[in-house]
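Here is the structure we will look at, set down as structure tokens.
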Amino acid sequence: MSSGRSGSTILETLMNSSKEVFTLGEFHLLFLESDLNAKCGCGDYLNNDIIWSDIIKKFSSSRILFSKYRKTFSSKTGHYGKVIRINKLFQILFNLNTSESLGYSELNYKILIHLNDKLKDNKSYVDSSKDVYRFYDLYKSNLFDIYPIHLYKCSQSFVYSMIKSSKGPLRWFLLIRFSLRWLIENTLIKLILRKTKNKLVISYGELIENYSEVITSMYKKFDVCHSGKFTLYTQINHGIAGNISRNQSREIFIDDKYKYGLSHLEKQLITMLTFNLKSFK
Ligand SMILES: [Zn+2]
């Protein structure tokens, strides 16, 4: 789980280095991406994809329920759900479960079982869907063995990635909005994971600088076999809704453009709005 643009695609691609791992991408966007005639991580259209096409057909009648965390796409605002959802927050704070949430989790479970049968192999699945509330539903259902990973970027770097092409009053508005989003989402993830035993908390910097060690210890914790070599984009993946870089061969480099892309005042404001929080461990 992450706030987005926090290195989750890199993490997912590195985790794809093991044959025991299958990376789903942003799984919960399957039907929305299919409606947009989008491509799979392998480069084929989802609707013709060797992995997803029959699943899209088979579970077509459940597409509304499956897409409940992202009902619409908007090119202007991206495809994010609301950061604050009062009824879900209420559920989380009082540790509640609803039949609707359970129905949603069961549907996810059915699709994964179908996929697992299709792959004829018991795999570990990496789900990069970034919706915190959705994670809560799946976690509470007790249908899955979940090993949550909380990946976070430093607040200035995250906010910069969201506002870099904006100018003037809009930039200030977005700066405030994304600072608060960073704070709320990461705090929520921390809150939900407070009682989970198998969680891993990783910062973007840590991942990029020591990716080999991070993935090795992650596989060890999750009991996954691997060759010890981690490279980007060497194995075909069928991730949903990833960015185009999934299909390209690229070096890993740390993105620290925010250091000179943000003014001194902007940096101070972000630090203030995020209560100077630097770590979620
Ligand atoms: Zn594919």
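Neighbouring Cβ atoms within 10 Å as the yardstick, rank 24, 102 fewest first. Please report the intermediate quantities before stating the final value.
Working: 24 24, 102 15.
Ranked by crowding around the Cβ, least crowded first: 102, 24.
Shape of segment 144-204 from the C-alpha gyration tensor: prolate (a/c of 1.5 or more and a/b above b/c, with a ≥ b ≥ c the square roots of its eigenvalues).
Grab the Cα-Cα distance for residue 231 and residue 35, subtract it from 0.36 nm times how many residues apart they are, and report the gain in nm with one decimal.
Values: separation 196, 0.36 × 196 = 70.56 nm, distance 3.18 nm.
Gain in length upon complete extension: 67.4 nm.
Entry note, the chain: relative contact order of 35 percent, from Cα contacts under 8 Å with a spacing of 6+ residues. Its DSSP H runs of at least 4 residues, each contributing -39,500 (n - 2.57), put the calculated 222 nm mean residue ellipticity of the chain at -13500 deg cm²/dmol, to the nearest 500. Each listed q (0.12, 0.17, 0.19 Å⁻¹) maps to a log10 I(q)/I(0) for segment 1-140 from the Debye sum over equal C-alpha point scatterers, namely -0.51, -1.07, -1.35. Among 189-195, 37-43, sorting by the average number of other beta carbon atoms lying within 10 angstrom of each residue, highest first, gives 37-43, 189-195. Using 1/(1 + (r/R0)^6) with R0 = 41 angstrom and r between the beta carbons of residue 271 and residue 87, what's the FRET efficiency to the nearest 0.05? Calculated transfer efficiency: 0.80.
Quote the charge dipole size of segment 8-273 about the Cα centre in Debye, to the nearest 20; the model charges only the Cβ of Lys and Arg (+1) and of Asp and Glu (-1). Don't skip to the answer; put the middle values down first.
Details: 38 positive and 25 negative charges, 165 e Å.
The dipole magnitude comes to about 800 debye.
Residues in segment 115-123 carry Karplus couplings, in order, of 5, 4, 5, 5, 6, 6, 7, 7, 10 Hz; the curve used is 6.51 cos²θ - 1.76 cosθ + 1.60 with θ = phi - 60°, and Gly or Pro positions show x.
Spacing of the modelled spin labels on residue 210 and residue 145, each 7 Å from Cα toward Cβ, amounts to 2.6 nm. Relative to the longest principal axis of the Cα atoms of the chain, helix 264-273 runs at roughly 60 degrees.
Extending 7 Å from Cα along the Cβ direction at residue 171 and again at residue 120 yields two label points whose distance is 5.7 nm. Database remark: amide H of residue 40 closer than 5 angstrom to the amide H of 45, 46 (H placed geometrically; neighbours at sequence offset of 5 or more, or on other chains; Pro and chain starts carry no H).
Taking the DSSP beta bridges with both ends in the chain, the antiparallel portion is around 25 percent.
Normalising the average separation of contacting C-alpha pairs (under 8 angstrom, six or more residues apart) by the number of residues puts the relative contact order of segment 126-281 at 35 percent.
Across all Cα pairs in the chain, the calculated P(r) in 10 Å bins from zero up to the longest distance comes to 6, 27, 36, 25, 5, 0 percent per bin. If you take the Cα centroid of segment 85-105 and the Cα centroid of segment 32-52, the two points sit 30 Å apart. Using a simple spin-label model with pseudo-atoms 7 Å out from Cα toward Cβ, residue 65 and residue 113 lie 1.3 nm apart. If the chain linking residue 255 and residue 42 were pulled fully straight, counting 0.36 nm for each residue of separation and taking away their Cα-Cα distance, it would gain 74.2 nm.
Here, each number is a calculation from the coordinates, and none is a lab measurement. Owing to the predicted nature of the structure, the values given are computational and were not obtained by experimental measurement. As a convention, Cβ positions derive from the backbone with ideal geometry for all residues, glycine included, and neighbour counts pool all protein chains shown.
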